[in-house]
Structures are given as structure tokens and as C-alpha cells.
Amino acid sequence: MSANFDIDFTVEPSPPLSGTFDVPGDKSISHRAVMLGALAEGVTEISGLLEGEDVLATMAAMRAMGVEVEGPSEGKVRIHGVGLKGLSAPEGPLDMGNSGTAMRLLCGLLAGQDFATELVGDESLMRRPMERVATPLRDMGANVETRDGKPPVKIGPARDGLSPAVHHLPVASAQLKSALLLAGLYAKGETRVFEPAVTRDHTERMLQGFGCHLHRGDDWVSLSGGQVLKATRVEVPGDISSAAFFLVGAAMRPGSHVVVEGVGVNPTRTGILNVLEAMGAPVRRFNERVVAGEPVADLEVTGSRLRGIDIPVDWVPLAIDEFPAICIAAACAEGDTTVRGAAELRVKESDRIAAMANGLKRLGIDVAEFDDGMTVRGGRLQGGEVDSRSDHRVAMAFAVAGGAATAAVRVRDCRNVATSFPDFVTKARSAGLRIEEVLHAGSQ
Ligand code: S3P
């Protein structure tokens, strides 16, 4: 989504973080709730939905295909499901904004429709790899075209309908797995997906919540096509990927104490908790419960002097969106922190390895960059100006860094924070971060 203004954050050195608060709904779960609600029969009621731009793009796409969506109003949405075959052709291309999740999951869902669609996005999304989803969909008979592997993605009706397939994913990607499962709903037979490492399983859990039968092994999941999804209630937990900025911001500074309430702690997402614990700042979980098939807890962290670690490679997919925040923790730790096996970070909303390495260097931290990761040498964060590359998580990570730096930090191009955490600045201020927004004419 383009705009003719942009926002920088300026952050002054701040006291250690403190407070008890919640964070907006989980982005991954919100997208899935809207999509599955649309494909279900009956009215799905969602609460706690993330009202960020990414999820609004998914809602707009569903409306454009004839789905009545009431809301969002304070996180509540009612979706009048049209059934698996009830979507209708949109009038123009579907604009997924900044959202890779929306675009990739929709590729799978749209591959099963009997009308043509075209998916486009903002500058960042138009650069992201889509062949990884198009290729396996073609193996199911889908009619999907990319432009040099990237959007726009054009999807036509599959000539002979979709056939089931056994997929062995070349990358650990929940988006890819989810797209193939959604396409599998339209295939005549059983679709099976093997993944090279465990990735977030919100699609599997939510499909089951909508009454879909699926089978799961340690590294695979399968489902049969043609199953009817039945409308349900979905209560979306707080997003651990948003909570991460406060967990890290508190963990890395002695004197901090933060409680984040109602956070999703699905074990496929809690790599950040493993990392903080290994660095010397265990996060206490309490009020543990299960809500709409997803584990939820309140999280408490007390600041301490962190130590650098080698992050085990099997934690990478479990913390994939938290690396910008983890880099800031590493910068404040004693010793080196290394992540390898994380080449996927180069194809997120920005090249997060380059974005974090450049920004940290500008703030006086030594960083060695590798194709598939980096080593951050703990030191003392200085003031300075960093470029978020319009990446929401890079922007929030450097905002938190600013509070712990010796002088003010200016973070450029933070508008996309609205994609995942619209009230970040308010929450950050309530936790004690001295953050201001500076509006200026934008580049788009
Ligand atoms: C997501 C999966 C991850 C993650 C993204 C959300 C999802 O992407 O980085 O923010 O909701 O399935 P990949 O599947 O590309 O790893």
C-alpha cells in the first residue's frame, strides 16, 4: 500500500522498561481465521483479530470475492462464510500490500477456484519469491504464473481441477505448507506435505477447529480434499512476535520488569523464549491456558546481563520473525552471538541480515555477516541514524535499541509498523520508551 508520507522514530535513551500490558492479536492466526472463516459454512466470529494493514488486506481480498465481513470493531469480526466453492471473481487484482503470508496462502486457496485472479503487493512484496509456492501448486495441476519468480502472481482455473500430491518442501516455510494445505482442500484425494524442519502449525490447528480432519506425523501433515469447513469462534491470542520487542527490551537491561498478558505460546513459535533463556534471561510463563486450540500464557521477564550464544539451527524456524529483536539482545550481551542456517531472513519484508547488520554497525556494534546468518559482538549501543528498509520488525527492533543506547537513535521509514503492530508507539511509551514519531514526505 503506498502513501505519500513516511514516519521516522526518534528514541532517546530511556529508563529500563517496565509495566504490564497486552499486545495486538497474532498476525498469522488472524490471516488464517479470516480465510478459513470465508471458506466455511456459517458465520465465524473472531475476537482479538489484529487490525493491522496486512490482515486488513486479507479481509479486503475476501470482500472483493463476495464474502460479507462485518467489522473489524475492537478486534471483533463476523465472517459470513460462503463455503469452499462460494467465492466469486474479483473485479480487479487483489492487492496484498506488504503481506507475504496473505499472498502465499491465497495462492493456494485461489488455485482451487474456477475463476482467474491476479495478486499484487507493495514494493517489498513485489520483490519476494513466489515460485516456491507456484512450483508445487503446478505439481497439483494448478495454473499459476509468476513474473520472473515474483509477483504479480496470475492464477487461472486448473484445467482438470487440482490433483493431490506428496510435497517435500525445500525450505522450512509455514506459508508454503499452508498454501499447499489450502489447495489440498480442493484436490480430489489426499495431499501430503513433508517439511524439512518444524514450522508454525496454526493452519493445521485452525483447520481442525473448523472441523477438518487431518493427519499429522513428526514432519508431515495430510488432508483429503472436499471436506466441509464449519463456522466456529476464534479467539486470537496476542502475537508473540510483537511481544518479543518488549521481552527483549526488558531482558537486556538490568532493572527492567515487564509482563505481557495473553500471548500465544504455541511451541512452534517460542524460539524467542529459548533464546532469551539461553542468554540468561528466563521468561516466566503463568496463567497458561488453551484458547481456540492455541496455547496462551502471560509472560514475565526481568532484566539481566545477557551472554552471547550460538543459536541452535533447529531454533531458527521457531524464532524466524524474532531475529531483528534477537540481534538487539545480542548487541547488549557479553560476548558473541551467532546465528547460521537462517538464509530465509534474506527474503523477508527486507533482507533482515543486511538490514540488521548495517543498522547495528551504524550504532557502533561489530557484526560479521554470512550468507545464512551473522555474528553480533556484544558492545555498547551508540546513538545514530539507521534505515529500517521499510521493514516493520527492523523498525521496532531499532526503536527498542534506541532506549538502551548512549544517545538518540533515529529509525527511518517506520510506516510499515502499522502492518503488524498499529499501536506500537503507545505501548512502547507506556513501558517507558522515550519514542516520538516524525512525519515527513515519503518516497513512494
Ligand atoms: C508466517 C510464516 C513465516 C513468517 C511470517 C508468517 C505464516 O514465513 O516469517 O511472518 O503466517 O505462515 P515463512 O513461511 O516464509 O517462513
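For a quick check: with amide H placed at 1.01 Å from N, whose amide H comes under 5 Å from Gly262's, ignoring anything fewer than 5 positions away on the same chain?
Close amide H contacts, sequence-distant or interchain: Ala297, Asp298, Leu299.
How charged is the neighbourhood of Gly161? Take every other residue with its Cβ under 10 Å from the Cβ of Gly161, and add Lys/Arg as +1 and Asp/Glu as -1.
Working: positive: Arg159, Lys188; negative: Asp114, Asp160.
Its environment carries a net charge of 0.
Roughly what would the spin-label model give for Arg340 and Thr20, points 7 Å off Cα along C-beta, in nm?
Roughly 4.4 nm, to one decimal.
Tell me which lysines have Cα within less than 26 Å of Lys188's Cα, excluding those fewer than 8 residues away on the same chain?
Lys85, Lys154, Lys177, Lys230
So who's got an amide H within less than 5 Å of the one on Asp366, skipping anything under 5 residues away but keeping other chains? H placed 1.01 Å off N, in plane.
Arg377
Mean projection of the alpha-carbon convex hull of segment 321-444 over all orientations, in nm²?
Average projection, Cα convex hull of segment 321-444: 7.3 nm².
So what is the calculated 222 nm ellipticity per residue for the chain, using -39500 (n - 2.57) for each DSSP H run with n of 4 or more, over all residues, to the nearest 500 deg cm²/dmol?
Rounded to the nearest 500, the figure is -8500 deg cm²/dmol.
What lysines sit close enough to Lys427 to cross-link, taking a C-alpha to C-alpha distance under 21 Å and skipping anything fewer than 8 places away on the same chain?
Lys27, Lys76
Once each part is reduced to its C-alpha centroid, what is the distance from segment 102-122 to segment 180-250 in angstrom?
18
Which value, in Å³ per residue, describes the convex hull spanned by the Cα atoms of the chain? Intermediate values should be presented prior to the final figure.
Numbers: hull volume 52.5 nm³, N = 444.
Output value, Cα hull per residue: 118 Å³.
Report the gain in length on full extension from Arg362 to His213: 0.36 nm times residue separation, minus Cα-Cα distance, nm rounded to one decimal.
Taking Arg362 through His213 to full extension adds about 48.5 nm, to one decimal.
What does the charge count near Pro170 come to, summing +1 for each Lys or Arg and -1 for each Asp or Glu among other residues with Cβ under 15 Å from its Cβ?
Here the charged neighbours net out to -2.
Given the options Glu322, Glu74, Glu123, which has the most mean-square fluctuation in a GNM of the chain, springs set between C-alpha atoms less than 10 angstrom apart?
Glu74
Give the peptides 215-222, 171-178 in descending order of average Cβ contacts within 10 Å, highest first.
Descending packing order for the listed peptides: 171-178, 215-222.
Assuming 0.36 nm per residue, please report the length gained on full extension of the stretch Glu70 to Val347 beyond their Cα-Cα distance. Show your work: numbers first, answer last.
On the way: separation 277, 0.36 × 277 = 99.72 nm, distance 3.38 nm.
The span from Glu70 to Val347 would gain 96.3 nm if fully extended.
Which order results if Val258, Val236, Val316, Val166 are arranged by neighbouring Cβ count within 10 Å, fewest first?
Details: Val258 25, Val236 28, Val316 22, Val166 12.
If I rank by nearby Cβ atoms, fewest first, I get Val166, Val316, Val258, Val236.
Quick one: order Lys348, Lys361 by neighbouring beta-carbon count within 10 Å, fewest to most.
Result, fewest neighbours first: Lys361, Lys348.
Using a Förster radius of 22 Å, what is the FRET efficiency between Arg429 and His257 based on their Cβ-Cβ separation? Nearest 0.05, please.
0.85
Here, each number is a calculation from the coordinates, and none is a lab measurement. From a predicted model like this one, the values you see are computed outputs, not experimental measurements. When we count neighbours, we look across all protein chains shown, and the Cβ atoms used for this are built from the backbone with ideal geometry, even at glycine.
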